[in-house]
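Report on one structure; see the data block that follows.
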Amino acid sequence: MSEKQHHSRNKMERSLQNRHVQIMAIAGTIGTGLFLGAGRSISLTGPSIIFIYMLTGGFMYLMMRAIGEMLYRDPDQHTFINFITYYMGKGWGYFAGWSYWLSVVFIGMAELTAVAEYVQFWFPTWPSWIIQLVVLVILGLVNLIAVRIFGEVEFWFAMIKIIAILALIATAIFMVLTGFETPTGIASITNISDGFSLFPNGPLNFIVAFQMVFFAYLMMEFIGVTTAETENPRKVLPKAIKEIPVRIVFFYGGALLAIMAIIPWKNLATAGSPFVTVFELAGIKWAAGLINFVVLTSAASALNSTLYSTGRHLYQIAHDSPNAFLKKFKVDTLSRQNVPQNAILTSAVVIALAAAISVLPGVSDAFTLITASSSGVYIAIYVLVMLAHLNYRTSTDFMADGYLMPAYRILNPLTIGFFLFVFATLFLQEATLWGAIGSTIWIILFGGYSQYKFRKYNKG
């Protein structure tokens with residue numbers, strides 16, 4: 001990418017091994033929402049929820065192919081946001097950089113709050129804010145010591161999620177094959193097919209389910225952030241992305257089919273985890289504790305990834321957009337361990353505000369609104385990434401023998417259209433309406449400000 005690349009080269013160590021990246025890629029497609037929110041999403045549309053998961057997963061995969069193509073061309077970029085700067089202009093790059101950092105920080109805050117709730121399952125008297133700070137300090141140290149340590153911790157966090165889903169699928173197969181009888185009936189494949197309808201609760205519920213499923217896939221792009229610290233990125237990255245569709249079908253499709261084969265979907269409770277219900281029906285009395293442990297590690301994994309991601313993005317922002325505050329705290333420097341130490345610490349301090357928010361009831365409502373708004377902003381960034389890819393394809397940087405996105409002329413605009421459709425669905429539900437309005441205001445105001453700030457460069 002010639003001269004405009006030069007300033008963003010980094011000297012971070014390539015300490016992440018192939019096994020780290022491949023397992024993180026699997027776990028990156030499995031959100032905590034699958035363990036906790038599957039019951040609610042199934043209740044909206046019944047068995048047709050699988051179609052929504054597969055379709056949404058397909059478009060997320062296409063986005064990863066676009067990111068993967070650009071990262072393959074230049075694996076030294078440790079944030080895909082750089083490509084928005086290069087191919088959409090400095091204004092949109094500035095908008096995407098800060099918006100993405102803030103959005104991921106809010107995800108980190110939400111995960112930190114969730115971690116405290118899961119710990120209180122066993123220790124209800126422990127104050128939430130103390131749990132949050134202790135967990136944040138531990139995971140902060142994991143990120144500061146070395147990239148290799150982060151990779152190892154993420155590897156085992158990921159393994160716990162994967163084993164839980166494999167156990168669920170194995171339990172379902174056993175129950176179906178033995179005709180296992182539960183209080184809701186006999187475990188059978190016919191529980192899925194009986195009275196099948198695409199819109200059992202009406203078209204609106206079917207449409208609304210898309211945004212629920214979409215947000216279960218958030219942070220899938222994280223695997224691209226690890227590229228700059230991966231051994232042999234041009235070999236590892238295509239392999240990690242290429243296997244995403246199989247993982248989506250197996251882990252999401254397999255888990256949902258397993259749940260609905262055991263429990264008829266009309267009898268499935270919308271509250272609580274269907275994983276707990278299945279394991280309890282199988283006779284595991286400590287199922288609630290087991291799944292609580294799984295979602296605790298899942299939330300901790302997401303928080304760990306958040307610290308990693310926000311640290312790299314803030315480091316990049318400090319490099320690309322000279323800022324007196326960021327320069328003063330040396331956010332654009334690396335530690336002796338070759339990690340962006342000050343950027344990670346700054347991000348961790350902001351995420352720690354979740355602990356203060358949890359004890360201030362008046363602020364928590366505003367926090368909920370801001371978190372919801374960040375979800376809509378996330379979609380805007382995904383759209384910008386796809387537009388950047390279109391511009392990359394017509395630029396002099398285009399690498400014809402690289403890891404190319406298939407049929408990009410059709411599939412890229414189609415993916416953009418799908419993201420805009422999901423954004424529109426946010427306006428259809430009371431629970432997401434104010435978040436949708438908030439994100440629209442942010443996109444217009446901050447997007448406009450960013451374009452104005454860099455108006456001299458945008459045509460260059």
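The values are calculated or read from the model by the stated rules, or taken from the named source; none is laboratory data. Predicted model, so just to flag it, every value in this text is computed and none were measured. Every residue, glycine among them, receives a Cβ derived from its backbone with ideal geometry; neighbour counts consider all protein chains shown.
Structure notes:
- Some residue of the range 53-65 being touching a Leu at 6+ places or on another chain (Cβ under 6 Å) and either within 30 Å of ALA400 (Cβ to Cβ) or acidic (Asp, Glu) (or both): yes
- For PHE196: the one exception among (1) surrounded by fewer than 18 Cβ atoms within 10 Å (Cβ to Cβ); (2) without any contact (Cβ under 8 Å) to a residue 40 or more places away in the chain: (2)
- Here LEU71 passes the criteria (1) within 19 Å of GLY93 (Cα to Cα); (2) out of contact with any Gly (no Cβ under 6 Å at 6 or more places or on another chain) except the one numbered (2).
- Condition check for TYR408: of a type in the set (Ser, Thr, Tyr), closer than 19 Å to ARG73 by Cβ, modelled with pLDDT of 95 or more and surrounded by 13 or more Cβ atoms within 10 Å (Cβ to Cβ): yes
- Count - residues of the range 64-91 that are within 17 Å of ARG455 (Cα to Cα) and either surrounded by fewer than 24 Cβ atoms within 10 Å (Cβ to Cβ) or without any contact (Cβ under 8 Å) to a residue 60 or more places away in the chain (or both): 6
- Test result for PHE51, aromatic (Phe, Trp, Tyr), modelled with pLDDT under 90 and part of a helix (DSSP H, G or I): no
- Filter result for VAL295 (surrounded by fewer than 24 Cβ atoms within 10 Å (Cβ to Cβ) and within 20 Å of the chain's Cα centre (by Cα)): no
- Looking across LEU404, LEU426, one residue alone is in contact with an Asp or Glu (Cβ under 7 Å, 6 or more places away or on another chain) and of a type in the set (A, V, I, L, M, F, W, C). It is LEU404.
- The set of residues in the range 387-419 that are within 15 Å of PHE214 (Cβ to Cβ) and touching a residue at least 40 places away in the same chain (Cβ under 8 Å) comprises THR415, PHE418, PHE419.
- Candidate set from the range 199-209 (those that are in contact (Cβ under 8 Å) with a residue 60 or more places away in the chain and part of a loop (DSSP other than H, G, I, E, B)); member that is surrounded by the fewest Cβ atoms within 10 Å (Cβ to Cβ): PHE199
- Restricting attention to the range 239-289, the residues that are among the small types (Gly, Ala, Ser), modelled with pLDDT of 90 or more and within 29 Å of MET63 (Cβ to Cβ) add up to 4.
- Test: residue in the range 404-426 that is β-branched (Val, Ile, Thr) and outside any helix (DSSP H, G or I): no
- Verdict on ALA172 being under 20 Å from PHE279 (Cβ atoms), buried (at least 21 other Cβ atoms within 10 Å of the Cβ), of a type in the set (Gly, Ala, Ser) and modelled with pLDDT of 90 or more: yes
- Residue ID - surrounded by the most Cβ atoms within 10 Å (Cβ to Cβ), chosen from residues in the range 303-338 that are of a type in the set (Ser, Thr, Tyr), assigned to a loop (DSSP other than H, G, I, E, B) and touching a residue at least 60 places away in the same chain (Cβ under 8 Å): SER321
- Residues of the range 210-236 satisfying the condition of being in contact with a strand residue (DSSP E or B) (Cβ under 7 Å, 6 or more places away or on another chain) and in a helix (DSSP H, G or I): THR226, GLU229, VAL236
- For ALA158, the test of being buried (at least 19 other Cβ atoms within 10 Å of the Cβ) and under 30 Å from ARG336 (Cβ atoms) is passed.
- Filter result for the condition that a residue is surrounded by 19 or more Cβ atoms within 10 Å (Cβ to Cβ), more than 24 Å from THR85 (Cβ to Cβ) and among the polar types (S, T, N, Q), over SER374, SER358, SER450: SER358
- Scanning the range 25-34 for residues that are part of a helix (DSSP H, G or I) and surrounded by 24 or more Cβ atoms within 10 Å (Cβ to Cβ), we see that the one that is modelled with the lowest pLDDT is GLY28.
- Which numbered condition THR277 fails, given (1) under 24 Å from ILE189 (Cα atoms); (2) buried (at least 22 other Cβ atoms within 10 Å of the Cβ); (3) touching a Lys or Arg at 6+ places or on another chain (Cβ under 6 Å): (3)
- From the list ILE291, ILE241, ILE259, the lone residue that is in contact with a Gly (Cβ under 6 Å, 6 or more places away or on another chain) and part of a helix (DSSP H, G or I) is ILE241.
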